[in-house]
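Reading through the structure tokens given below for one structure.
The values are calculated or read from the model by the stated rules, or taken from the named source; none is laboratory data. It should be emphasised that the depicted structure is a prediction, and the values quoted were computed from it without experimental measurement. Quick reminder, even Gly has a Cβ in these numbers, built from the backbone with ideal geometry, and neighbours come from all protein chains shown. Please note that ligands, DNA and RNA were not included when accessible areas were found on the heavy atoms of the full protein model with its side chains. Shrake-Rupley method; radii C 1.70, N 1.55, O 1.52, S 1.80 Å.
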Amino acid sequence: MGLGPRSPHKAGRRFPARSKRGRGAKGSGRPPPGRRRPPCPPPDRSSEPALDAHPHLSPEALGYFRRALSALKEAPETGEERELMVHNVLKEVEAQALALATNKTGSEIMQELLGFSPLKPLCRVWAALRSSLRSVACHRCGVHVLQSALLQLPRLLGSPAEKEEDVEEEENGKDGPLETLEELVLGLASEVCDDFLFYCGDTHGSFVVRTLLQVLGGTLLESERARHRGSQSPDAQRAPARECKPTDFEVPETFLNCLQDLSSCFLKDIAVFITDKISSFCLQVALQILHRKLPQFCAHLCNAVISYLSSRNSSADGSPLLLFLRDQTSSRLLEQVLLVLEPLRLQSLFEDHFQGQLQALAAHPIANFPLQRLLDAITTTELLSPVFEELSPALEAVLAQGHPGVVIALVGACRRVGAHQAQVLLLLLEAFHCAEPSSRQVACVPLFATLMAYEVYYGLLEEEGAVPAEHQVDMATARALGDVTVLGSLLLQHLLHFSSPGVILQSLGALTGPQLLTLAQSPAGSHVLDAILTSPSVTRKQRRRVLKTLKGQYVALACSRHGSRVLDAIWSGAALGARKEIAAELGERNQELIRDPFGHHVARNVALTTFLKRREAWEQQQGAVAKRRRALNSILED
């Protein structure tokens, strides 16, 4: 089923590590000399006419807010003085809310100030911006202020109401009772719903819609929070949805009802949300939230998307859906649809649209990404088996085309479902040209980690059709470990969680101390060591056999950013005898560890000073820790 060891794709193969898919500093000021009084309020310039579409923020006002923010950051975290300072500053924010929100530096300061805001001041600032919602939401600076206000809800929603303000303050400039935070959010949702297509299609307004959907559903997506925190590299922005780590919080029932009403707006113009790049992001976020909170409506929305795409003109080579899988915008939406579909619906979607097209999709520069999401969503043997049968013969070709993510996703599916593991491992060995002769299998870890074929990694020149040479141990030990790729690390992590990871462990055991040290010190490779320590398929004996190679490398490991984390993990699972060996080796260079920014944390974790000066007390302490760990493990096993 797999490619033969001397396939046409073989000679001099170096697999590309990944394939590409298209696509200010905050102001600071000197704080006031003391913390007891907030800075003086800025002069009132409300009578001055605006010079442009938005109110002008004077340099004096900007300086005031800058100093106020610095003072709040330095003030004690609790106390009456701080509360008074926060309330006074936020009164000034309320008075100049629109001018602040639409000023580049002012909006950045305002976002931070909202993070200090109690419930009522936030509601007042929100109310001050509400009359200009459209212009603020579609402003390149104002949109981030609205996002920040929405993101305060997990902190403030349901918090007890504050004490009533003085009657004089209540009557000063107020047209009526202050709306609650819940009412303000529902009011914002109502205004967005009235002009839904406009807000979703606007470059800046779509951010408000996406954040609003998360708040109504009581779920903050990590990808959206990171996007709000600051700009990201294109690679980070293309991170798959499977890497999101949602954070849930309690919301009232009215929010979930509003979420369903707002999400119903997608159905009215489904074609726009499938084909328009900006609007499509809103639908993708909605599917993630609905999948967690309203799964039935999520399924209804997915069916609407699939029905629309399936009703378009058929492509020459099969389902009309294939055309959209190759489109940059709609393929991203389909990725999310695949991740939230129920298993039975996913099975029928595969049979109706994907089956027989997997190799072509794997080779396509855009369609390979939805294929990866299909593989990520597989949870049953009934779906994995036909997918594996169709994709497995093209494994090496897919790697050669620069789409290793498809292969990693297939291996991940085999790990998750627990099927076809021995077959896919053999196919990988063949694809990297280390299956035959069998002596080459011991070199598979460096090849997988670097995503290089055997001949490329070791710089060999083999003629086409020649018998592969035996593995040379001297050559392998003399070569430093190559650069570990992120996808190569993921591949090894999956393989270590297979039910029989013996081939991988044998290859890891063949690495020299410096080579294993390089792996542990690598940002990506360090996670391979994590997999060794956490995989239930790796026995204690196998684990010790691999890790003993690090003996003599503990100091270098401790003085490395990523290596020190690996050493901490090794220490946590080590028996008393192993801990003594590690501590003794580290103790020989105690001063070097103490001076190192990473090493001194390791020295403290190991209690190295106690080990060197009071060995008996150290052994008693470590014995007690080991006893507690055994007791905890027995409880967890029960």
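Values for this structure:
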item: Karplus-derived 3J(HN,Hα), 6.51/-1.76/1.60, for each residue of segment 524-539, Hz, glycine and proline x; result: 7, x, 4, 6, 5, 5, 4, 5, 4, 6, 10, 5, x, 7, 9, 6
item: Modelled FRET efficiency - R0 41 Å, ASN88 with GLN296, Cβ distances, 0.05 increments; result: 0.25
item: Portion, in percent, of the accessible area of segment 309-438 that falls on carbon or sulfur, probe 1.4 Å; result: 51
item: In order through segment 209-214: 3J(HN,Hα) via Karplus (6.51 cos²θ - 1.76 cosθ + 1.60), integer Hz, x for Gly, Pro; result: 4, 5, 5, 4, 4, 5
item: About the Cα centre, charge dipole magnitude for segment 246-358 (Lys/Arg +1, Asp/Glu -1 at Cβ), debye; result: 200
item: For segment 479-536: accessible area per residue (Å², 1.4 Å); result: 34
item: Accessible area per residue, Å², segment 57-157 with all protein chains present, probe 1.4 Å; result: 37
item: q = 0.15, 0.17, 0.22 Å⁻¹, segment 57-157: log10 I(q)/I(0) [Debye, one scatterer per Cα]; result: -0.54, -0.70, -1.17
item: Extreme residue, positive dipole direction of segment 57-157, given options SER58, VAL136, VAL93 (C-beta unit charges); result: VAL136
item: Derived scalar couplings ³J(HN,Hα) [segment 400-406; Karplus, 6.51 cos²θ - 1.76 cosθ + 1.60; whole Hz; x for Gly, Pro]; result: 5, 7, x, 10, x, x, 5
item: Carbon + sulfur, % of accessible area of segment 57-157 - ligands and nucleic acids excluded, 1.4 Å; result: 49
item: Lys, Arg +1 and Asp, Glu -1 on Cβ, resulting dipole of segment 57-157 about Cα centre, debye, nearest 20; result: 440
item: Farthest toward positive dipole pole in segment 254-410 [+1 Lys/Arg, -1 Asp/Glu at C-beta], among LEU323, LEU391, PHE273; result: PHE273
item: Rounded percent of accessible protein surface that carbon and sulfur make up, segment 529-638, 1.4 Å probe; result: 51
item: 31 Å Cα-Cα threshold exceeded, pairs from LYS73/LYS120; LYS551/LYS627; LYS551/LYS613; LYS120/LYS268; LYS245/LYS277; result: LYS120/LYS268
